[in-house]
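This report refers to the structure that appears directly beneath it.
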């Protein structure tokens with residue numbers, strides 16, 4: 001369903017713009033403004049109308065936030081102008097991708113392409129489970145079933161082109177280990193902390209009741225499952241290893257956890273989320289480098305993404321040169 005919303009939200013329709021040009025300040029008609037060329041890709045023109053077609057949802061958002069006269073607000077106007085530049089760049093990139101898709105013959109097998117598009121289309125349609133709701137939704141987005149399929153076709157082709165760009169990107173195990181060795185004492189350090197468990201409830205009296213059961217020998221994991229009110233209850237209240245200065249934890253909670261000894265269970269601890277009973281194990285008082293096996297996948301993903309970013313940027317820049325891409329952002333204003 002997320003993909004459905006993303007696709008439908010990406011569709012944008014037109015808006016009007018006026019501009020004054022020339023020394024004699026002759027004002028163009030709205031129709032003339034819409035035909036103003038603001039970019040070219042291999043000779044194919046991109047007009048203000050093409051940009052405005054994508055800007056309507058952004059305009060709607062700005063109107064909700066700043067009112068119908070949002071362009072009179074400096075912040076809104078700056079946002080609007082910046083978004084127009086981004087939209088122009090996105091249109092240019094799309095056209096470059098589509099031209100490369102044709103050049104690389106990714107659209108040559110029409111039957112296979114149609115099969116892929118139909119598969120995605122049916123998945124979207126089935127997600128609504130009601131043809132009427134599906135049709136209402138795409139109509140509200142300014143789409144028809146055919147235009148939705150066109151969007152999906154482009155998405156399939158974009159993915160093929162992207163895969164082509166990244167086809168030679170590879171990160172070796174040696175490169176991953178080298179990166180770890182060079183950065184383990186700075187980027188892969190576990191600070192002092194402990195493996196923490198907790199039982200959280202809303203009422204203090206309930207927390208005291210649970211604490212009394214623990215003091216009488218009750219099993220922490222069992223009581224967590226019985227009384228806990230968050231997602232950790234099914235896992236015995238386990239929060240995993242938590243650093244004592246973790247930014248995403250309540251300060252009062254961490255202060256109480258820091259005072260616990262190995263295997264010790266706290267009293268009732270109040271935080272901004274409720275009332276906790278905390279248990280600590282595997283205490284670490286000194287910083288320690290994380291084991292290579294625990295971070296190697298993270299490092300590999302980072303190195304791959306870094307390399308992909310470089311390859312993507314250099315490839316697109318070269319393709320834009322090859323296709324004689326021109327943009328005239330000054331004409332968007």
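The values are calculated or read from the model by the stated rules, or taken from the named source; none is laboratory data. What you see is a predicted model; the values in this text were computed from it and never measured. Cβ placement follows ideal geometry from the backbone for every residue including glycine, while neighbour counts extend to all protein chains displayed.
For this structure, a couple of remarks:
This table checks each residue for (1) under 29 Å from the mean Cα position of the chain (by Cα); (2) over 30 Å from residue 300 (Cβ atoms); (3) surrounded by 16 or more Cβ atoms within 10 Å (Cβ to Cβ).
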| residue | (1), (2), (3) |
| --- | --- |
| 187 | yes, no, no |
| 194 | no, no, yes |
| 208 | no, yes, no |
| 218 | no, yes, no |
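- Filtered residues of the stretch 231-249 (kept if at pLDDT 95 or above, under 27 Å from the mean Cα position of the chain (by Cα) and part of a loop (DSSP other than H, G, I, E, B)): 249
- Taking (1) under 29 Å from residue 321 (Cβ atoms); (2) in contact with a helix residue (DSSP H, G or I) (Cβ under 7 Å, 6 or more places away or on another chain); (3) surrounded by 17 or more Cβ atoms within 10 Å (Cβ to Cβ) in turn, residue 62 satisfies each apart from (1).
- Taken over the stretch 149-202, the criterion of being part of a loop (DSSP other than H, G, I, E, B) and touching a strand residue (DSSP E or B) at 6+ places or on another chain (Cβ under 7 Å) is satisfied by 184, 185, 188, 191, 192, 202.
- Any chance residue 21 is modelled with pLDDT of 90 or more, over 31 Å from the mean Cα position of the chain (by Cα), surrounded by fewer than 17 Cβ atoms within 10 Å (Cβ to Cβ) and on the phi < 0 side of the Ramachandran plot: no
- Among (1) crowded, with 19+ Cβ neighbours inside 10 Å; (2) farther than 23 Å from residue 37 by Cβ, the one test that residue 57 misses: (1)
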